[in-house]
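Participant: Dropping the structure in here first, questions after.
The values are calculated or read from the model by the stated rules, or taken from the named source; none is laboratory data. Please read all numbers here as calculations on a predicted model, not as lab measurements. Because the Cβ atoms are built from the backbone with ideal geometry, glycine has one as well, and the counts that use them run over all protein chains shown. Accessible surface is based on the protein model in full, side chains and every heavy atom, while ligands, DNA and RNA are left aside. Shrake-Rupley method; radii C 1.70, N 1.55, O 1.52, S 1.80 Å.
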Amino acid sequence: MSKSIFITGASSGIGLATAKLFHDAGWQVAATMRDPKDAASWMTSDRCEVLACDVTDQGSLDAAVKETIAVFGKIDVAFANAGYGLNGPIEGVSEEQIHRQFDVNVYGVARTIKAVAPDMRAREDGLIITTSSIGGIIGMPLSPMYISTKHAVEGLIESARFEFAPFNIKLRLLQPGGIKTDFSRRSAEWADHPVYAEAITAGKKMSVDLLDAAPAPAKVAEVVLKMATDGKGRLRYLAKPGPYVAMYKYLPDRLWRWMIQMALRNAAKT
Ligand SMILES: NC(=O)c1ccc[n+]([C@@H]2O[C@H](COP(=O)([O-])OP(=O)(O)OC[C@H]3O[C@@H](n4cnc5c(N)ncnc54)[C@H](OP(=O)(O)O)[C@@H]3O)[C@@H](O)[C@H]2O)c1
């Protein structure tokens, strides 16, 4: 019997590319999304189940997992990938926006784990891959809330792997760099504040330009397939990080800050 993967946020970007690559590699794919009308045309395949699922709702996740197990028998790999970016300065974001950002990006991951863990634990076998980001390592200007969610996800997974180890459930963190998806447009929410107006305009432009020139999500899907099949005990996998992680690690902080601030200033001028 072929293996199965359960994916959240499979309507576009990294989730969609991963669904396609695993499907083409012979896996059974549960492609979950908020609105099944957004499913890709190839998802009518016998080896693909399209399921409605909103990660802000535990009942919706539990139902999607139950249906996947009923159809495929089990879930070998769960890919907790759904997320979006709340950008803008802290002074501009509302409490409601902060709640929503954590609800999707952090609680959504915890809920996904809670939904898939009981069956994996009973079978003493399973792998849970979560989409973090290089933003789970590096702080970036004008997205303190999004970046905090990815730092939270890093802590969540690094800690939870210990409680799941006795049940042979492995946890992994995917850390993509900038990838060309809907992330800088449809999945980007910007908070406003008059004091930071110029920086916000520059930040918006910089994020769109950076992602428009970034690698396609298919490159990240290849890393996810490797994570699912290499049999290694590694926790973190970088995917197309660009030069940023190395620069952040090896440059003196003073120089790193200057570089990022210059990039923002240049974006403001263009
Ligand atoms: N692109 C990058 O540069 C980059 C870099 C590092 C990390 N990431 C991370 O990669 C993940 C995927 O993003 P992407 O780049 O592929 O962007 P994307 O194309 O915009 O995909 C985001 C996905 O998340 C889904 N989603 C949002 N809120 C949801 C909710 N409440 N319940 C279920 N699904 C929800 C969206 O579904 P709808 O269609 O229903 O909106 C969509 O399928 C995110 O966690 C993001 O933080 C992206």
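Participant: Which one is farthest from the ligand (Cβ to nearest atom) among residues in the stretch 138-159 that are in contact with a strand residue (DSSP E or B) (Cβ under 7 Å, 6 or more places away or on another chain) and not hydroxyl-bearing (Ser, Thr, Tyr)?
Facilitator: 142
Participant: Suppose the filter is touching a helix residue (DSSP H, G or I) at 6+ places or on another chain (Cβ under 6 Å) and either more than 20 Å from residue 239 (Cβ to Cβ) or without any contact (Cβ under 8 Å) to a residue 12 or more places away in the chain (or both); does residue 129 pass it?
Facilitator: No; evaluated as a whole, the condition is false for this residue.
Participant: Which helices (runs of 4 or more DSSP H) sit wholly inside the stretch 160-270 and have at least 1 residues that are open to solvent by less than 70 Å² (accessible area, probe 1.4 Å) and within 15 Å of the ligand (Cβ to nearest atom)?
Facilitator: 197-212, 217-229, 244-250
Participant: Could you list all residues from the stretch 1-16 that are open to solvent by 20 Å² or more (accessible area, probe 1.4 Å) and within 16 Å of the ligand (Cβ to nearest atom)?
Facilitator: The answer is 9, 11, 12, 14, 16.
Participant: Ok, one more. If I go through the stretch 94-152 residue by residue, how many of them are touching a Lys or Arg at 6+ places or on another chain (Cβ under 6 Å) and closer than 30 Å to residue 3 by Cα?
Facilitator: Of the residues in the stretch 94-152, 5 are touching a Lys or Arg at 6+ places or on another chain (Cβ under 6 Å) and closer than 30 Å to residue 3 by Cα.
Participant: Let me ask something else. Evaluate the stretch 120-135: report whether one residue or more is surrounded by fewer than 20 Cβ atoms within 10 Å (Cβ to Cβ), within 19 Å of the chain's Cα centre (by Cα) and within 15 Å of the ligand (Cβ to nearest atom).
Facilitator: Within the stretch 120-135 (the criterion being surrounded by fewer than 20 Cβ atoms within 10 Å (Cβ to Cβ), within 19 Å of the chain's Cα centre (by Cα) and within 15 Å of the ligand (Cβ to nearest atom)), the answer is no, since none of the residues qualifies.
Participant: Still on this structure, I have one more. Among the listed residues 73, 13, which satisfies the condition of being more than 21 Å from the chain's Cα centre (by Cα) and at positive phi?
Facilitator: 73
Participant: With the condition kept exactly as written, say whether any residue in the stretch 19-35 is out of contact with any Phe, Trp or Tyr (no Cβ under 8 Å at 6 or more places or on another chain), within 13 Å of the ligand (Cβ to nearest atom) and farther than 30 Å from residue 231 by Cα.
Facilitator: yes
Participant: While we're looking at this one, here's another question. Can you tell me which residues in the stretch 52-74 are buried (at least 24 other Cβ atoms within 10 Å of the Cβ) and away from the ligand (no atom under 14 Å from the Cβ)?
Facilitator: Across the stretch 52-74, the qualifying residue is only 68.
Participant: Which residues, taken from the stretch 17-51, are among the hydroxyl-bearing types (Ser, Thr, Tyr) and buried (at least 21 other Cβ atoms within 10 Å of the Cβ)?
Facilitator: 18, 32
Participant: For residues in the stretch 81-115 being among the aromatic types (Phe, Trp, Tyr) and assigned to a helix (DSSP H, G or I), which is least open to solvent (accessible area, probe 1.4 Å)?
Facilitator: Across the stretch 81-115, the extreme among qualifying residues is 102.
Participant: Looking only at the stretch 79-100, which residues are among the polar types (S, T, N, Q) and in contact with an Asp or Glu (Cβ under 8 Å, 6 or more places away or on another chain)?
Facilitator: 87, 97
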